[in-house]
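No lab work stands behind these numbers, since they all come straight from the coordinates. Every value quoted in this text rests on a predicted model; they were computed, and no experiment measured them. Every residue, glycine as well, gets a Cβ built from its backbone with ideal geometry; the counts of neighbours run over all protein chains shown.
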Amino acid sequence: MDTQNKYVALVTGGTGGLGTDMCKQLAHDGYHVIANYQNQEKAEKWLARMKEEGYEFDMYQADVSDFDAVAAMIAKIEKETAPIDILVNNAGITRDGQFRKMTPQNWDMVIKTNLYSVFNCTRNVINQMCDRNYGRIINISSVNGQRGQFGQANYSAAKAGIHGFTKTLAMEVARKGVTVNTIYPGYIGTDMVMAVAEEVRNKIVAEIPIGRLGGTEEIAHLVSFLASKEASFITGANYAINGGQHVY
Ligand code: CAA
């Protein structure tokens, strides 16, 4: 473990399927890791489990779809710990269903949680990163933001929007030592993917050339790389990690 690395990393949705292994990997890399969460009960159980596994994480609650709640969370982190050096915009939800039946509520909820959150969190850390001439923003999109997916008009729209944001912000802050990149995970073995009906999921897995779901640790390794100092010339980029399911 690199104990010299004192950078502070915030992972939104840190207690979730992908977030957990991101937190663990960043801890192994030596960062001071903060997991953002929404559900108190779930987060407390998660923290206890992490402690049993030997991890010490700070946790901060905020609904990432709410700008003011995020602003308050970031202010609290800065006061109690330090400014954030690495932001992983990972929090996300699904409300799948074919578009002809999609409710405005399911559209709004997904766009706000998956896309507005990226604005809300990044907007609250970006000036501090620019002032310190260092930062890493890593945005977690999805293969379904690149290629579309039956039943995910809301999710695909939000996830596609993320990379437009990445490209523009990358240009705006490049001279300030801040990099901004997008990761496009494919189907990874999380609760979110396991919630897809087995029969539908099996058909999806059959379309993946590597022949299996991805592992959460495989996404975490890519996050770790993009968070590193060594990745300083990579910005505005998009990294697909989908077992060959979508090549472009
Ligand atoms: N292609 C073509 N037609 C399809 C279809 C598909 N993939 N899936 C369903 N249909 C058809 C059905 O056969 C049905 O046809 P009929 O009306 O002729 O019988 C019709 O569409 C409607 O089916 P449903 O009533 O079941 O539709 P629904 O609105 O309830 O939703 C669904 C269907 C639940 C969205 C289902 O299609 C599904 O689970 N799709 C997969 C969604 C998915 O992959 N989600 C990923 C979640 S994980 C994640 O998002 C992480 C990540 O980043 C990868």
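Could you please let me know if residue 73 is surrounded by 21 or more Cβ atoms within 10 Å (Cβ to Cβ) and either under 25 Å from residue 172 (Cα atoms) or of a type outside the set (Asp, Glu) (or both)? Considered against the rule, which asks whether it is surrounded by 21 or more Cβ atoms within 10 Å (Cβ to Cβ) and either under 25 Å from residue 172 (Cα atoms) or of a type outside the set (Asp, Glu) (or both), residue 73 comes out as yes. Going through the stretch 102-159 one residue at a time, which ones are among the acidic types (Asp, Glu) and more than 28 Å from residue 7 (Cβ to Cβ)? Across the stretch 102-159, the qualifying residue is only 108.
Checking each residue in the stretch 206-221 for being crowded, with 20+ Cβ neighbours inside 10 Å and touching a strand residue (DSSP E or B) at 6+ places or on another chain (Cβ under 8 Å) picks out 214, 216, 219.
Where in the stretch 100-159 are there helices (runs of 4 or more DSSP H), lying fully within it, with 2 or more residues that are away from the ligand (no atom under 14 Å from the Cβ) and closer than 16 Å to residue 9 by Cα? Lay out the reasoning, then the answer.
On the way: elements: 104-111, 117-123, 126-132, 143-147.
It comes to 117-123, 126-132.
Take the conditions hydroxyl-bearing (Ser, Thr, Tyr) and touching a residue at least 60 places away in the same chain (Cβ under 8 Å) and apply them to residue 228. Does it pass? Walk me through it before giving the result.
Details: hydroxyl-bearing (Ser, Thr, Tyr): yes; touching a residue at least 60 places away in the same chain (Cβ under 8 Å): yes.
Spelling it out, residue 228 is indeed hydroxyl-bearing (Ser, Thr, Tyr) and touching a residue at least 60 places away in the same chain (Cβ under 8 Å).
Can you tell me how many residues in the stretch 6-22 are outside any helix (DSSP H, G or I) and surrounded by fewer than 22 Cβ atoms within 10 Å (Cβ to Cβ)? Before you say what the answer is, go through the steps one by one.
So in the stretch 6-22, the residues outside any helix (DSSP H, G or I) come out as 6-16.
Of the ones still in play, those that are also surrounded by fewer than 22 Cβ atoms within 10 Å (Cβ to Cβ) are 6-8.
The number of residues fulfilling the criteria is 3.
Please state which one of 201, 212, 175 is within 11 Å of the ligand (Cβ to nearest atom) and without any contact (Cβ under 8 Å) to a residue 40 or more places away in the chain.
Numbers: 212 fails: within 11 Å of the ligand (Cβ to nearest atom); 175 fails: within 11 Å of the ligand (Cβ to nearest atom).
Matching residue, one of 201, 212, 175: 201.
Taking every residue in the stretch 75-96 that is within 18 Å of residue 19 (Cβ to Cβ) and pairing it with any residue that is among the hydroxyl-bearing types (Ser, Thr, Tyr) and part of a strand (DSSP E or B), at least 6 positions away or on another chain, the pairs with Cβ-Cβ distances below 7 Å are 77/60. Taking the listed residues 84, 74, the one that is closer than 21 Å to residue 58 by Cβ and either assigned to a loop (DSSP other than H, G, I, E, B) or within 15 Å of the ligand (Cβ to nearest atom) (or both) is 84, with no other qualifying. For the stretch 38-63, the set of residues classified as within 29 Å of residue 230 (Cα to Cα) and not charged (D, E, K, R) consists of 50, 54, 55, 57, 59, 60, listed by residue number.
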